[in-house]
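Right, one structure below, let's go through it.
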């Protein structure tokens with residue numbers, strides 16, 4: 001009983017410090033600037049993606065096969081979403097939307113690398129995605145409609161609603177970042193708790209579910225900017 005009690009005590013102690021398993025930590029410093037594990041993991045994923053894309057596209061064929069076929073399926077799917085929302089004009093936004101999907105998906109799935117914490121469980125990462133995306137949406141809107149047309153968007157259909165429309169634009173990056181962070185952080189926390197309590201049985205199917213969650217969250221995050229761009233281009 002004493003041995004069993006010791007095991008239970010160890011488990012409880014690990015659970016009490018679960019945030020240490022999820023919190024990013026400083027890996028090294030550049031001068032006085034700390035570089036966290038989140039940043040390092042993001043850099044590594046970027047390097048892997050750049051190398052992978054280079055290798056996958058250096059020998060493109062008119063008859064796609066293998067990795068090229070998979071990449072064309074992904075790009076074709078995203079292009080279809082853009083065309084459904086905005087017609088042929090939506091194709092010009094493909095680089096942004098496709099990059100968001102592939103990059104966020106890769107970051108989400110990086111948690112399958114041993115000891116690696118996915119950057120999307122860090123609010124600073126998701127906030128950066130949210131703010132950058134909404135700024136780009138505003139830039140696209142100004143390029144498409146001109147500054148006058150862009151400002152007119154905020155007083156349509158009624159000038160009385162202008163304050164709410166403006167507030168909505170400020171809320172969008174918060175919504176984007178918190179949605180991605182909350183779902184990925186919750187998923188990672190559940191798996192971490194299960195690994196502490198029953199390390200050999202339950203976590204595996206939950207991690208497989210995490211793959212699906214990673215795809216869904218990447219898809220939702222990229223689908224919303226399409227809606228935002230469409231709203232500016234085609235109106236409310």
For residue 110, only one of the following conditions fails: (1) over 20 Å from residue 186 (Cβ atoms); (2) modelled with pLDDT under 90; (3) part of a helix (DSSP H, G or I). What is its number? (1)
Could you say whether any residue in the stretch 22-45 is under 25 Å from the mean Cα position of the chain (by Cα), part of a helix (DSSP H, G or I), closer than 24 Å to residue 181 by Cβ and at pLDDT below 80? yes
From the options 142, 97, 134, residue that is part of a helix (DSSP H, G or I), in contact with a helix residue (DSSP H, G or I) (Cβ under 7 Å, 6 or more places away or on another chain) and free of Cβ contacts under 8 Å to residues at least 24 places away in the same chain: 142
Could you grab me the full set of residues in the stretch 46-69 that are closer than 17 Å to residue 97 by Cα and modelled with pLDDT under 85? 53
Contact list, first residue from the stretch 145-169 and in contact (Cβ under 8 Å) with a residue 40 or more places away in the chain, second anywhere and assigned to a loop (DSSP other than H, G, I, E, B) and exposed (fewer than 13 other Cβ atoms within 10 Å of the Cβ), beta-carbon distance below 8 Å, six or more apart or interchain, is 153/235; 156/235; 156/236; 157/236
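The values are calculated or read from the model by the stated rules, or taken from the named source; none is laboratory data. Worth saying up front: this structure is predicted, and the values here are computed from it rather than measured. Cβ coordinates were reconstructed from backbone atoms using ideal geometry, including for glycine residues, and neighbour counts include every protein chain displayed.
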